[in-house]
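The values are calculated or read from the model by the stated rules, or taken from the named source; none is laboratory data. Here the structure is a predicted model, which is why all the values come from computation and not from measurement. Backbone-built Cβ (ideal geometry, glycine too); neighbour counts: all protein chains shown. Just so you know, the surface numbers come from the protein's heavy atoms only, side chains and all, with ligands and any DNA or RNA stripped out. Shrake-Rupley method; radii C 1.70, N 1.55, O 1.52, S 1.80 Å.
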Amino acid sequence: YAKRSKFGTAANVTSVLPTLTFMGNCIVELYTLDYASAYQHAFVYVRQLALHLRSAMMKRTPESMSVVLCWQYVHCLKLWVAVLCAACGSKASVGCDDDDAASSDKLGGGVGKDDEANLLRSLVYPLTEIILGVCRLVPIARYVPLRLHCVRLLQQLAATTETFIPTTSLLMGVLDLKEVGMKPLRDGGGKGKKKGRGGGKNKNKNSVSGIRLPLILKLPKEGTLRTMEQLDGVLKEVFVLLNREVDLYRYSPGFPEFTFAISQRLRKFNKEVSNGRWRAYSKGSLELCEKYSAFATNGRSTLTDAPKDVRRLEALKPSNVPSMRERYEAAVAKERRLEAVTQPVMKKKAENDNESKTAEKDGKNKRKRKEEEEEESEIEEEEEGKQKKNKKKKNKKKKAAVVNEADLKNVEALKEEDEVQEGIVWSDSE
């Protein structure tokens with residue numbers, strides 16, 4: 001899987017990524033069959049990821065940094081997050097009743113496997129620290145997509161294991177970047193570049209058109225986060241993840257204190273930014289925080305224990321409300337449906353390619369038919385011309401023959417004598 005994941009880039013979306021996803025699903029199923037042996041393997045490989053990260057943080061060389069800041073490392077993180085979520089997300093490992101524990105048998109869990117599942121659950125903390133270390137390794141604007149990938153992984157771990165893993169500092173850090181407050185540039189972020197004679201047809205090669213953040217790890221080197229397209233895509237993703245983070249911890253007794261810093265930063269963002277769409281994103285998140293904070297404030301007033309003494313994360317959750325994991329899965333499914341509707345890029349491309357190929361074939365067939373029809377018409381015209389010439393010759397011969405026969409039949413003309421005028425001398429001397 002690690003060797004194959006090296007080629008799981010945006011250029012190989014249709015060829016490598018489906019195979020990689022299938023291999024990852026198979027690995028997850030294998031590791032959930034036996035938690036004891038799975039823990040031994042997972043411990044070794046998670047430790048290897050930590051060693052790569054430590055060498056990158058200490059050496060800071062291009063070689064050591066390239067080991068961490070690549071698709072191979074990110075796909076390995078995704079794999080172990082999926083394994084831990086499959087093992088720790090079973091109701092038996094979380095601590096449910098005996099009646100609900102039977103549902104975890106699909107992933108290899110059960111009532112007798114709680115201790116073994118807790119072994120894998122102990123790897124959640126080191127894996128979380130590794131992901132946070134990757135986010136903070138290069139805290140610059142160019143690696144914002146990598147940071148958003150890591151935030152998604154942390155939210156998946158938090159929702160499945162029902163653990164408090166805050167990622168708001170990473171998301172708020174994107175809003176603090178200086179590029180967000182600057183005025184966007186045009187034509188791919190080129191400074192002082194003159195347009196060509198064709199009205200600006202010479203565009204920058206590094207400009208991003210139709211940016212898709214799930215398929216990239218870093219932005220272009222020139223004009224990083226300066227075009228309107230990049231800013232809009234990044235900020236939209238930031239607010240989507242921020243709303244998901246708020247929804248995860250909405251039933252926690254400490255939710256009002258958790259959202260205090262978020263609300264304060266969003267109000268400041270509304271004053272700094274003049275773009276109406278970004279301000280609408282921010283106001284939506286702000287209203288969500290205020291709504292859930294009011295619910296948590298009213299709900300924790302009925303608790304007998306203080307918020308600091310409550311150990312259960314979702315102490316305010318009603319019995320008929322879905323759990324963190326179910327809410328997270330519903331949000332991800334909704335996002336995928338929206339993405340499939342709004343960005344069917346690969347599908348359209350394939351359809352356009354097929355249409356162009358069929359159009360080319362139809363054009364070639366039409367040309368061949370035209371050429372064949374022209375050749376046939378030329379041959380027919382030549383034959384018609386030959387037939388006309390032959391008919392003319394036959395008609396001439398017939399006419400000539402008719403005239404000669406009439407002359408031959410006119411014998412009386414030979415017997416007639418010529419009339420000669422008198423007084424005229426016909427002699428050779430004259």
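Observations, loosely collected:
- Modelled label reach - residue 129, point 7 Å along Cα→Cβ, region 25-62 residues with backbone N closer than 12 Å: 47, 50-51, 54
- At the residue level, residue 232 shows approximately 30 square angstrom of accessible surface with a 1.4 angstrom probe and all protein chains present.
- The peptide list 140-151, 54-65, put in order of mean Cβ contacts within 10 Å with the highest first, becomes 140-151, 54-65.
- Backbone amide hydrogens, once placed in the peptide plane, bring residue 227 within less than 5 Å of 185, excluding anything fewer than 5 places away on its chain.
- Sorting 228, 324 by solvent-accessible area of protein heavy atoms yields 228, 324, largest first, with a 1.4 Å probe.
- Given 3/236; 183/291; 6/59, the pairs whose alpha carbons are separated by over 30 Å: 3/236; 183/291
- Here the accessible area is traced with a 1.4 Å probe on the protein chains. For region 203-344, carbon and sulfur cover 52 percent of it.
- Label positions at residue 370 and residue 295, each projected 7 Å from the Cα along the C-beta direction, are separated by 6.7 nm.
- Measuring nothing but protein heavy atoms, the accessible surface of region 14-94 at 1.4 Å probe radius is 63 percent carbon and sulfur.
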